[in-house]
């Protein structure tokens, strides 16, 4: 399905990003695991190797344009090309709007929006030259519904939806698709959420459970494949029926 393809997945040391990286590897792709946590990124790479695929770990601050350029050089040196970019890396700095600082606002936009832009720009030229490529951005229910205390996060995710669609139009002539995934998944971040809040969120999911990262990875693997070549500019809601 993805034999011979090379993917870059940001925030792939754990959670949804790790699930996506492993799902792509299971389908035959080599994967660059991009994360600030190099130790955990290397663990993901070891699991990719166990699946019989090549993987590299690259410590990167995706909000830093020059750091992303250096990461891209490392990826090209090791893996030669990039066919798939998955912008998954994310942070939360939740604070009510009256108390939110400029640094909290900028940090979230720096990772979710600027970081995604940096990674797309770093690899899209190669995709254009080959007239083939897949861009997959991980969105969030917060970008559609808004959550209390997350005006920075919700705004960044909404902006990422806009960028996903704009890139889809801009890059379609090069046979490059740009899509998003809106996941409702069990991730390490949720371990810090009170049980009552987690239960309330799960109760909003008609299918009745939060997906393991692997299930989100399977959606990403489909969007990365040739089978999805006629799908672009879409947000795929892998959220158990929350949005109907």
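Couple of notes before you dig in:
- Of all the residues in region 1-25, those that are surrounded by fewer than 18 Cβ atoms within 10 Å (Cβ to Cβ) and at pLDDT 95 or above number 2.
- Top-ranked residue in region 222-233 [being farther than 14 Å from residue 25 by Cα and touching a helix residue (DSSP H, G or I) at 6+ places or on another chain (Cβ under 8 Å); ranked as surrounded by the most Cβ atoms within 10 Å (Cβ to Cβ)]: 232
- Evaluating residue 165 against the criteria (1) under 14 Å from the mean Cα position of the chain (by Cα); (2) touching a residue at least 60 places away in the same chain (Cβ under 8 Å) leaves one unmet condition, (1).
- Breaking point among (1) without any contact (Cβ under 8 Å) to a residue 24 or more places away in the chain; (2) loosely packed, with under 15 Cβ neighbours inside 10 Å, for residue 91: (2)
- Tally of residues being over 11 Å from the mean Cα position of the chain (by Cα) and not in a strand (DSSP E or B) across region 4-25: 8
- Considering (1) within 16 Å of the chain's Cα centre (by Cα); (2) surrounded by fewer than 18 Cβ atoms within 10 Å (Cβ to Cβ), the lone condition that residue 206 does not fulfil carries the number (1).
- When region 69-112 is filtered for residues that are within 27 Å of residue 218 (Cβ to Cβ), within 16 Å of the chain's Cα centre (by Cα) and modelled with pLDDT of 95 or more, the ones remaining, listed by number, are 82, 83, 84, 85, 86, 87, 88, 89, 111, 112.
- Restricting region 122-160 to residues that are in a helix (DSSP H, G or I) and free of Cβ contacts under 8 Å to residues at least 40 places away in the same chain, the residue that is surrounded by the most Cβ atoms within 10 Å (Cβ to Cβ): 143
The values are calculated or read from the model by the stated rules, or taken from the named source; none is laboratory data. Computed from a predicted model, the values in this text were never measured in an experiment. Note that each Cβ is placed from the backbone with ideal geometry, even for glycine, and that neighbours are counted across all protein chains shown.
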